[in-house]
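What follows is a short report on a single structure.
The values are calculated or read from the model by the stated rules, or taken from the named source; none is laboratory data. Owing to the predicted nature of the structure, the values given are computational and were not obtained by experimental measurement. Cβ placement follows ideal geometry from the backbone for every residue including glycine, while neighbour counts extend to all protein chains displayed.
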């Protein structure tokens with residue numbers, strides 16, 4: 001029998017690297033530990049238990065994870081250190097060999113973290129990385145230090161794009177049931193939460209393990225009383241059907257905000273990547289969204305410097321991206337990942353070329369975001385305000401179409417939706433002030 005009481009009074013610290021899904025899962029792990037008596041370590045206080053949730057999307061991510069683990073061990077001498085997440089899934093022995101690491105639990109075994117931790121704390125037994133489990137689904141719906149809640153509806157991916165290690169780290173596509181998702185959303189409403197971000201690895205693929213589908217899921221979530229806002233965190237363009245777009249356009253709860261991975265604006269490169277769409281399909285999705293929701297915020301993932309991306313193909317991709325009425329780019333620089341089929345593709349892009357291409361797209365993103373924000377100066381908008389932990393810092397919030405606003409700190413407005421008139425840019429140029 002597991003002695004969960006051993007956690008009582010233990011000071012707890014979490015460190016998360018990577019995506020929104022990781023942050024959601026970290027928050028859920030934290031809630032599980034605190035339910036058994038662990039308490040959050042205060043800022044500057046040494047922790048008794050440290051949990052590191054890792055990312056492995058690039059080689060740089062792996063390096064950052066190792067650096068973070070070493071730093072955490074140094075800053076919390078004697079603490080029990082548990083490492084989980086995608087990097088822990090792909091390189092468990094590398095992490096287990098780091099002096100000071102007590103437990104390694106891969107992304108696909110997170111449900112084992114709590115019992116394994118308690119057992120090791122009680123028995124002081126050396127731990128080996130846990131065996132791979134590709135079938136389980138670790139539910140997560142939490143908000144941590146944020147106003148917005150993050151509802152994990154799906155995990156894993158069946159696509160095996162040539163550059164990507166996520167299917168190896170997260171396993172095959174799997175999900176919870178619509179019924180369970182609705183129950184979690186209702187729990188958020190009961191807690192007073194107003195906004196839920198729907199997260200996952202490939203959320204449009206929802207339903208494989210329950211014989212349901214994503215469209216049915218969002219229809220069911222739309223009926224949950226008390227939730228005022230939903231955002232779809234990221235959805236593959238081939239899975240973003242016209243049916244979904246049209247539903248979101250008429251829904252009062254699903255916000256005019258999409259995040260859609262493109263990766264490249266060149267059909268040649270998309271084929272090399274083994275993506276499931278072409279640029280014509282992508283353009284259709286963007287045009288349909290803008291036709292039904294002219295003020296919609298559209299974020300797009302793009303990768304630079306992949307194998308096979310010649311200068312001519314990058315220029316072609318740049319022109320395509322520039323022609324789209326999108327709001328912001330999330331630009332990633334390609335890095336070689338062991339075990340991926342991209343390593344078989346000829347033509348390697350030099351680090352200097354990768355950097356130059358990345359900077360060009362970041363500049364394009366900055367221009368598009370500035371233009372999008374500028375179009376809304378002087379308009380009124382409904383904003384969900386988010387608290388700040390620093391008394392003298394301004395509050396932030398987001399409009400329905402994901403424009404970040406900034407205003408003087410008024411703690412009583414935390415988690416409140418207010419109507420404001422949007423003013424000019426703040427000093428940093430990353431938010432609009434309130435008139």
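Within segment 377-399, can you find the residues that are closer than 16 Å to residue 418 by Cβ and surrounded by fewer than 21 Cβ atoms within 10 Å (Cβ to Cβ)?
Let us first name the residues in segment 377-399 that are closer than 16 Å to residue 418 by Cβ, namely 379-388, 394-399.
Result: 379, 380, 381, 382, 386, 387, 388, 394, 395, 396.
Tell me the strands (runs of 3 or more DSSP E) entirely within segment 45-106 that contain at least 1 residues that are in contact (Cβ under 8 Å) with a residue 24 or more places away in the chain, within 23 Å of the chain's Cα centre (by Cα) and farther than 19 Å from residue 31 by Cα.
Hits in segment 45-106: 103-106.
How many residues are assigned to a loop (DSSP other than H, G, I, E, B) and at pLDDT 95 or above when one looks only at segment 227-245?
Counting residues in segment 227-245 that are assigned to a loop (DSSP other than H, G, I, E, B) and at pLDDT 95 or above gives 9.
For residue 292, indicate whether it is surrounded by fewer than 17 Cβ atoms within 10 Å (Cβ to Cβ), in contact with a helix residue (DSSP H, G or I) (Cβ under 8 Å, 6 or more places away or on another chain), more than 23 Å from residue 205 (Cα to Cα) and in contact (Cβ under 8 Å) with a residue 40 or more places away in the chain.
Here the answer is yes, as residue 292 does meet what is asked.
Looking for something under 23 Å from residue 168 (Cα atoms), modelled with pLDDT of 95 or more, more than 21 Å from the chain's Cα centre (by Cα) and not in a helix (DSSP H, G or I) - is there at least one such residue anywhere in segment 278-300?
no
Could you tell me how many of the residues in segment 259-277 are under 14 Å from residue 321 (Cα atoms) and outside any helix (DSSP H, G or I)?
7
Considering each of 7, 12, 33, 21 in turn, give the residue that is surrounded by 14 or more Cβ atoms within 10 Å (Cβ to Cβ) and without any contact (Cβ under 8 Å) to a residue 60 or more places away in the chain.
12
Every residue, every condition in (1) surrounded by 15 or more Cβ atoms within 10 Å (Cβ to Cβ); (2) in the same structural domain as residue 269 (by TED's automatic domain parsing); (3) touching a residue at least 24 places away in the same chain (Cβ under 8 Å); (4) in a loop (DSSP other than H, G, I, E, B), yes or no:
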| position | (1), (2), (3), (4) |
| --- | --- |
| 318 | yes, yes, yes, no |
| 321 | yes, yes, yes, no |
| 330 | yes, yes, yes, no |
| 343 | no, yes, yes, no |
| 355 | no, yes, no, no |
| 358 | yes, yes, yes, no |
| 365 | yes, yes, yes, no |
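Filter segment 190-223 down to the residues that are over 11 Å from residue 153 (Cα atoms) and in contact with a strand residue (DSSP E or B) (Cβ under 9 Å, 6 or more places away or on another chain) and list them by number.
Passing the criteria: 191, 193, 194, 195, 196, 208, 209, 210, 212, 221, 222.
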